[in-house]
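The values are calculated or read from the model by the stated rules, or taken from the named source; none is laboratory data. None of the values given here were measured: they were computed from a predicted structure. Note: ideal-geometry Cβ built from the backbone for every residue, glycine included; neighbour counts use all protein chains shown. Please note that ligands, DNA and RNA were not included when accessible areas were found on the heavy atoms of the full protein model with its side chains. Shrake-Rupley method; radii C 1.70, N 1.55, O 1.52, S 1.80 Å.
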Amino acid sequence: MSVRTWGVVAVIVLGLAAGSAPLDHELTRAVGIAYESRGRFPYSWGGGHAALPGPSLGTCHGYHGATKPCPADRTRGFDCSGFTRWVYRLAFGADVLGPGNTDDHIRRLHRVRSPRPGDLVFYGRQNKTHHVGVYVGGGKMINAFATGTRIRVDDVTALADLLGYYHYRD
């Protein structure tokens, strides 16, 4: 089954299972928004961190990527935390993650043992995270991975230091 077909099936299944609680509806929307974003936006270091969540020019401040010179200040897109902030803003109807980076965002969430599609998957160490994606089930996430890529689907094992899955609840 192709990734696209798998995504459509996942959204349908999630939609059928989402009738019981409002949070399920938001998580289902987060998965749908993430799938719709695949390939549409480039990775941009610092992108998505304007006053309002959404694609924006990035910054070269703090950039240590392999692509030289840094393209972020001329690339309108997202970094990983800017992408998840925007997805959750659209899904929840409010900027629930707020400004900041992955360390700031993880503090607004609760760790879960059994992730559900729409939860966030973080990498790094507690208090020193470096990557986040939207978990879509089946061991997959949709994320802004690195300079030179676009929003895409990756295995959650794409990075070796999986910290865990986190859930938003108000």
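Below are the figures for this structure:
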| quantity | calculated |
| --- | --- |
| Number of the condition not met by P69 [criteria: (1) without any contact (Cβ under 8 Å) to a residue 24 or more places away in the chain; (2) in contact with a Pro (Cβ under 9 Å, 6 or more places away or on another chain)] | (2) |
| Complete set of residues in region 121-170 that are closer than 21 Å to D24 by Cβ and open to solvent by 40 Å² or more (accessible area, probe 1.4 Å) | G138, K140, R169, D170 |
| Near pairs, Cβ below 8 angstrom, 6+ apart or cross-chain, from region 107-130 (in contact (Cβ under 8 Å) with a residue 60 or more places away in the chain) to any residue that is open to solvent by 70 Å² or more (accessible area, probe 1.4 Å) | G118/R29 |
| Region 113-163 - residue that is among the β-branched types (V, I, T), assigned to a loop (DSSP other than H, G, I, E, B) and out of contact with any Gly (no Cβ under 6 Å at 6 or more places or on another chain) and, of those, farthest from S37 (Cα to Cα) | T149 |
| Helices (runs of 4 or more DSSP H) contained entirely in region 1-110, each with at least 1 residues that are modelled with pLDDT under 95 and aromatic (F, W, Y) | 3-17 |
